[in-house]
Amino acid sequence: MPFRSALLVWLLALSMGLTVGVGLYTFVYARGASYLTDDPKACVNCHVMRNEYDGWVKASHRQAAVCNDCHTPDGIVPKYASKAYNGFLHSVAFTSGHVPDAIQLKPYTRAITDHACLKCHADIVEALRVERGQELSCLRCHRNVGHQ
Amino acid sequence: MNGSGPATRTLIVAVVVTAIGAFAVTALLINIFQREQESKHTFFRVVELNDRIDDPAVWGKNFPFQYDAYLRTVDQVRTRYGGSEAIPRTPTNVDPRSVVAQSKLEADPRLKTIWAGYAFARDFREDRGHAYMLDDQTYTERQIAVKQPGTCLQCHASVYTAMMDLGNGDVLKGFEKMNGLPYADARKLVKHPVSCIDCHAPDTMQLRITRPAFIEGIRALKARDGIENYDVNTMATRQELRAFVCAQCHVEYYFKGTEKRLTFPWANGLHADDILAYYEATQFKDWVHADTGAPLLKAQHPEFEMWSQGIHARSGVACADCHMPYKREGGMKISDHHVRSPLLNINRACQTCHKWPEAELKARVEMIQDRTFELRNRAMDALVALIADLKAARETGASSEQLARAQAFHRQGQFLFDFVEAENSTGFHAPQEAARILGQAIDLVRQGQLSLRGR
């Protein structure tokens with residue numbers, strides 16, 4: 001019996017090693033580490049956001065903001081939580097192939113982007129901000145500034 | 001001994017779970033690899049194309065994604081006011097079609113009164129996809145009602161190579177020869193509905209104009225604007241051509257003179273009234289109304305003219321942007337050659353620019369169409385009433401001046417009404433312009449009725 005147990009342990013070690021190896025290779029091949037950075041190129045690793053990237057390259061905010069500035073919330077924990085959650089949904093969508101050609105913000109990602117304008121422009125719009133009921137949406141009028 | 005049983009089982013389960021994990025990760029790796037590959041794949045030239053190949057299947061070997069979509073224009077899908085239903089019919093020797101679109105005459109019998117005496121009162125169906133254009137023209141009962149010339153094929157078949165052959169390489173000569181042929185003779189020269197070569201140059205795939213009537217029509221229009229000798233194939237931008245290639249056919253036209261030359265009446269401009277003024281000056285008539293004796297004009301699908309008056313044209317949005325919107329095939333961005341109503345493709349057609357929910361966008365379009373349709377119905381009731389009055393006036397011996405005055409109102413009102421009725425967007429291409437034209441039509445027709453009452 002010790003011989004059989006030892007064999008099984010080796011087999012387990014081998015299979016786990018293989019899985020970790022293939023997993024690591026997949027991570028490197030899919031440029032997994034790039035998703036932890038702020039580099040806009042990471043967002044066009046797959047071609048779904050090619051149009052948005054091309055639009056950003058030519059848009060006014062290229063000098064001032066990268067994708068993550070407007071599409072992730074403030075603070076290191078909310079930022080990476082949002083990246084992890086959206087990243088997971090994006091991978092599922094892209095792997096399964098269920099992506100509309102004109103991609104769209106979800107309500108909560110739209111809220112993040114709306115709020116992100118204030119990271120820089122809070123002073124200018126202070127007089128405009130209405131706290132009663134619904135807050136004014138910057139994107140409603142200025143949705144072309146990031147990319148179009 | 002007894003303790004190693006569960007331990008062994010645990011180990012086996014661990015191996016199985018790890019194996020499933022490895023399986024999944026490898027599948028993901030392969031999927032990522034495939035996605036990487038498809039983003040590199042662009043275009044393979046497997047056949048040499050030239051200016052005499054009208055068979056779309058040959059072009060399709062080089063452009064399989066575009067060709068596949070092009071073949072899907074056989075789809076028959078309804079929208080609220082447009083699109084076609086597949087109506088089964090029993091094929092006969094004269095007409096082998098087993099499926100046709102629904103009859104518009106049956107849907108609204110007022111049209112029979114409005115077009116009385118003209119072939120359209122005999123057979124007029126909802127138009128189907130591009131794939132059916134040649135069959136539906138070949139077998140319509142209008143062919144039996146009236147002897148049609150070869151000119152008709154300009155917009156119902158891929159005639160470019162046939163014109164080149166007829167004219168020995170000169171499209172204009174071939175065009176003139178084909179206009180002069182009887183329909184049945186010209187029909188033998190063509191095989192396909194609109195095909196790749198009608199809009200694309202075979203060597204560069206650039207858009208180009210192949211129809212002489214559009215080349216001449218747009219030249220006359222530009223001359224009015226002070227641009228002499230406009231040559232559309234060298235002077236139009238790519239974005240302009242993405243509307244112009246469609247405007248080779250989706251326009252108002254008439255057959256000029258005994259040579260039946262296909263002509264677009266644009267010398268005064270593209271507005272419905274500009275076109276009416278052109279016809280009033282040339283005294284052209286399509287037919288004489290059976291009940292009223294008025295020399296009338298039938299408008300024909302003036303989509304390009306109507307679109308030109310709308311906000312989308314003003315914003316530089318071409319036909320292809322909404323009717324052939326860009327789509328992704330793998331990593332490639334191509335225009336969708338399944339030409340169809342944007343209402344069946346709202347995400348690609350509208351939401352690229354209009355970031356609103358699909359239901360909201362559809363509701364906006366249908367609101368415009370509902371309003372146009374209501375006005376169109378009012379115009380039709382007015383027309384039917386004028387026709388009845390004029391018919392009665394002729395029978396009770398009204399004076400010829402009085403009749404002539406009312407007939408002139410009938411002619412103008414009929415054309416303006418038909419300009420909106422025949423246009424395939426139920427007002428959407430230019431909502432206010434459509435309402436303006438219908439308002440004018442209703443006014444003219446009612447004036448016609450008043451003129452018979454001696455006012």
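Read-outs: derived from the displayed coordinates by stated rules, not from any lab. Since we're looking at a predicted model, the values are computed, not measured. When we count neighbours, we look across all protein chains shown, and the Cβ atoms used for this are built from the backbone with ideal geometry, even at glycine.
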- Query: For chain B, what is the charge dipole size about the Cα centre, in debye to the nearest 20, if Lys and Arg each add +1 at the Cβ and Asp and Glu each add -1 at the Cβ?
  - Reply: 480 debye
- Zone residues, the stretch A:10-50, relative to B:A24, backbone N less than 20 Å from point 7 Å out along Cα-to-Cβ: A:12-33
- The exposure ranking of A:Y85, B:Y118, fewest beta-carbon neighbours within 10 Å first, is A:Y85, B:Y118
- Message: How big is the dipole moment of the stretch A:39-142 about its Cα centre under a simple scheme where the beta carbon of each Lys and Arg is +1, that of each Asp and Glu is -1, and everything else is neutral? Debye, nearest 20, please.
- Response: 160 debye
- Could you tally the net charge around B:E259, taking each other residue with its Cβ under 12 Å from the Cβ of B:E259, Lys/Arg +1 and Asp/Glu -1? +3
- Task: Using the charge dipole of chain B (Lys, Arg: +1 at Cβ; Asp, Glu: -1 at Cβ; taken about the Cα centre), state which of B:L134, B:Q248, B:Q447 has its Cα farthest towards the positive end.
- Result: B:L134
- Message: Given a Förster distance of 30 Å, report the FRET efficiency between B:E106 and B:E401 from their Cβ-Cβ distance, rounded to the nearest 0.05.
- Response: 0.20
- Task: Pop the C-beta distance of B:V94 and B:W356 into the FRET formula with R0 = 41 Å and round what comes out to the nearest 0.05.
- Result: 0.25
- Message: At a 10 Å Cβ-Cβ cut-off, how would you order B:M324, B:M332, B:M306, fewest neighbours first?
- Response: B:M332, B:M324, B:M306
- At least 24 Å along the helix axis (C-alpha) and Kyte average at least -0.5, DSSP helices within chain A: A:2-29, A:76-96, A:107-125
- Charge dipole (chain A, unit charges on Cβ, about Cα centre) - positive-most of A:L36, A:H90, A:L8: A:L8
- Message: Below 8 Å, C-alpha to C-alpha, sequence gap of six or more: please give me the relative contact order for chain B in percent.
- Response: 14 percent
- Message: Net charge within 14 Å of B:P182 by Cβ-Cβ distance, Lys/Arg positive one each and Asp/Glu negative one each, not counting B:P182 itself?
- Response: +3
- Message: How compact is the stretch A:39-142 by the rule of thumb for globular proteins, expressed as Cα Rg over 2.2 N^0.38 Å?
- Response: 1.16
- Given H placed 1.01 Å from N in the peptide plane, which residues other than close sequence neighbours of B:Y326 have an amide H under 5 Å from its amide H? B:D336
- Query: At q = 0.15, 0.16 Å⁻¹, what log₁₀ I(q)/I(0) does a Debye calculation on the Cα points of the stretch A:1-80 give, no solvent, two decimals?
  - Reply: -0.69, -0.74
- The answer for B:K333, listing residues at least 5 apart or on another chain whose modeled amide H is closer than 5 Å to its amide H, is none
- Message: Taking amide H atoms as placed 1.01 Å from N in the peptide plane, list the residues 5 or more away in sequence, or in a different chain, whose amide H sits under 5 Å from that of B:K256.
- Response: B:R261, B:L262, B:T263
- For B:E252, B:E421, what's the fewest-to-most ordering of other Cβ within 10 Å of each Cβ? B:E421, B:E252
- Item | Cβ-derived FRET efficiency at R0 51 Å, B:T42 paired with A:K79, nearest 0.05 | 0.90
- Query: Hey, what do the phi angles of the stretch B:256-263 turn into as Karplus ³J(HN,Hα) couplings, whole Hz, using 6.51/-1.76/1.60 and θ = phi - 60°, x for Gly and Pro?
  - Reply: 8, x, 6, 7, 6, 6, 5, 9
- Query: Of B:P64, B:C196, B:I53, which is farthest on the positive side of the dipole of chain B, counting Cα position, with +1 on Lys and Arg Cβ, -1 on Asp and Glu Cβ, and the Cα centre as origin?
  - Reply: B:P64
- The Kirkwood hydrodynamic radius of the protein assembly as shown, taken as the inverse of the mean 1/r over all distinct Cα pairs, in Å, comes to 28.9 Å
- Query: Once you list every other residue whose beta carbon is under 10 Å from the beta carbon of B:R340, what net charge do they have if Lys and Arg are +1 and Asp and Glu are -1?
  - Reply: -1
- Using only the alpha carbons, work out the radius of gyration and Dmax of chain B in angstrom. 27.4, 122
- Return one quarter of the surface area of the convex hull spanned by the alpha-carbon atoms of the stretch B:312-455, equal to its mean projected area, in nm². 10.7 nm²
- So which helices of chain B fit the span-like rule, where a helix is a whole DSSP H run, its Cα atoms reach 27 Å or more along the axis, and its mean Kyte-Doolittle is at least -0.5? B:4-40, B:358-395, B:400-421, B:431-452
- Query: So, with +1 on the Cβ of K and R and -1 on the Cβ of D and E, and no other charges, what is the size of the charge dipole of the stretch B:34-190 about its Cα centre, to the nearest 20 debye?
  - Reply: 340 debye
